[in-house]
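Novice: Below: one structure in structure tokens.
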Amino acid sequence: MTAPSSIHHVALGDTRLAVHTAGSGLPVLLLHGFPLDHAMWAGQEPLAEHLRLVVPDQRGFGASAGPGPASMEQLADDAAALLAALHCGPAVVCGLSMGGYVAQHLAVRHPDRTAALVLVDTKLEADTPEARAARVDLAAKVGRLGQRIVADAMVPRLLASSAEARAAAGRADLEAALHEAILRQPVATIQAALAALGARPDMTAALGQVRVPTLLVVGAEDAITPPACMEAAVEVMPHARLLVVPRAGHMTPLEAPGVFNRAVFEFLAEAGVHPA
Ligand code: MLT
């Protein structure tokens, strides 16, 4: 971390969350995607020069103890309780993919905790029946074959696939880091999260009522939640603006950290949430 960082362990009911914090000032909660942990936000460390980063491993992931998630609502309640436990005022709630689903629920269920929203490489819609069936299939396979099957299936789809992106410096390191991150998540957490992801509701109507300033970010080459998902979201969210990041896939903050961090700063300044 650019600013000194510390790790806390926060007991919340039946779980104990590991959370990294750095910096001071306006809190920014960074919620990781599936099946990853806080480490995917390494490229956001420079934000801690001006903001207070709060970066948990969500229940069952990374160094957090306890069972895996039962629902996106439960993860949102965990995140709200975590902000309270750390004495944070209303936060900028930023989530990628699964973290974006959690961020949406947090904004709806805990509006008093949400100063602004940043939804990254995610969508508002529920799973199709086919997507749900694929998750059931993957949960069975990971039970038989272990995390490697998930890593092998997901890593090639997480990053931008154009020849230019594949040839970029540091690409092999990114692939290796994602692979390792998936391998360190417990099988039971992956299975619980797959069920919770498949059961999540459509949030389109609820997000239409969200009043806080919102930044939507998507990689132009996102193969999992393509730009059309965020283009649909910006149509229904009256306080949202959309940024499509070239040469990024599903992991925009990791693939294009400079562009992403600048966009967050500019958004917070323009929305009057944080001085430039
Ligand atoms: C994620 O990156 O968090 C997942 O791909 C989300 C999903 O499978 O819907």
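The values are calculated or read from the model by the stated rules, or taken from the named source; none is laboratory data. Worth saying up front: this structure is predicted, and the values here are computed from it rather than measured. Cβ: placed from backbone, ideal geometry, glycine included. Neighbour counts: every protein chain shown. These accessible areas exclude ligands, DNA and RNA; they are computed on the full protein's heavy atoms, side chains included. Shrake-Rupley method; radii C 1.70, N 1.55, O 1.52, S 1.80 Å.
Novice: Size of the dipole of the chain about the Cα centre, Lys and Arg at +1 and Asp and Glu at -1 on the beta carbon, nothing else charged, in debye to 20?
Specialist: Charge dipole, the chain, about its Cα centre: 340 debye, nearest 20.
Novice: What is the Rg over Rh value, at two decimals, for the chain, using alpha-carbon atoms and the Kirkwood definition of Rh?
Specialist: Rounded to two decimals, Rg/Rh equals 0.93.
Novice: Please give the net charge around Ala192, taking every other residue with its beta carbon less than 12 angstrom from that of Ala192, where Lys and Arg add +1 and Asp and Glu add -1.
Specialist: Within the 12 Å Cβ shell, the charges total +2.
Novice: Another question, if that's okay. Where does the chain land at 222 nm, in deg cm²/dmol rounded to the nearest 500, when only DSSP H runs of n ≥ 4 count, each adding -39500 (n - 2.57), divided by all residues?
Specialist: Calculated from helices alone, the mean residue ellipticity at 222 nm is -12500 deg cm²/dmol.
Novice: How many percent of DSSP beta bridges within the chain run antiparallel, rounded to 5?
Specialist: Bridges in the chain that DSSP calls antiparallel: roughly 35 percent.
Novice: Excluding Glu255 itself, calculate the net charge of residues whose Cβ lies under 14 Å from the Cβ of Glu255, where each Lys or Arg counts +1 and each Asp or Glu counts -1.
Specialist: Result for the neighbourhood of Glu255: -2.
Novice: Here is a follow-up. Determine which residues of region 224-261 fall in the zone a paramagnetic label at Ser5 would reach in this model, i.e. backbone nitrogen under 20 Å from the point 7 Å along Cα→Cβ.
Specialist: Of the residues in region 224-261, 251-261 have backbone N under 20 Å from the label point off Ser5.
Novice: May I pose another question? Report the calculated FRET efficiency for Arg144 and Arg184 (r = Cβ-Cβ distance, R0 = 22 Å), to the nearest 0.05.
Specialist: Once the sixth-power term is evaluated, E becomes 0.70.
Novice: Could I ask something else about it? Using a 1.4 angstrom probe and counting only protein chains, how large is the accessible area of Ser161 in Å², to 10?
Specialist: Around 70 Å² of this residue is reachable by solvent.
Novice: Which whole-number percent gives the relative contact order of the chain, counting Cα pairs below 8 Å spaced six or more residues apart?
Specialist: Dividing the mean separation by the residue count of the chain yields 19 percent.
Novice: Sum up the charges of everything whose Cβ sits under 15 Å from the Cβ of Asp202, counting Lys and Arg as +1 and Asp and Glu as -1, but leave Asp202 out.
Specialist: Taking every other residue near Asp202 into account, the sum is -1.
Novice: I would also like to ask the following. Test of understanding: in a Gaussian network model of the chain with alpha carbons linked when under 10 Å, which of Gly68, Gly258, Gly100 would top the mean-square fluctuation ranking?
Specialist: Gly258
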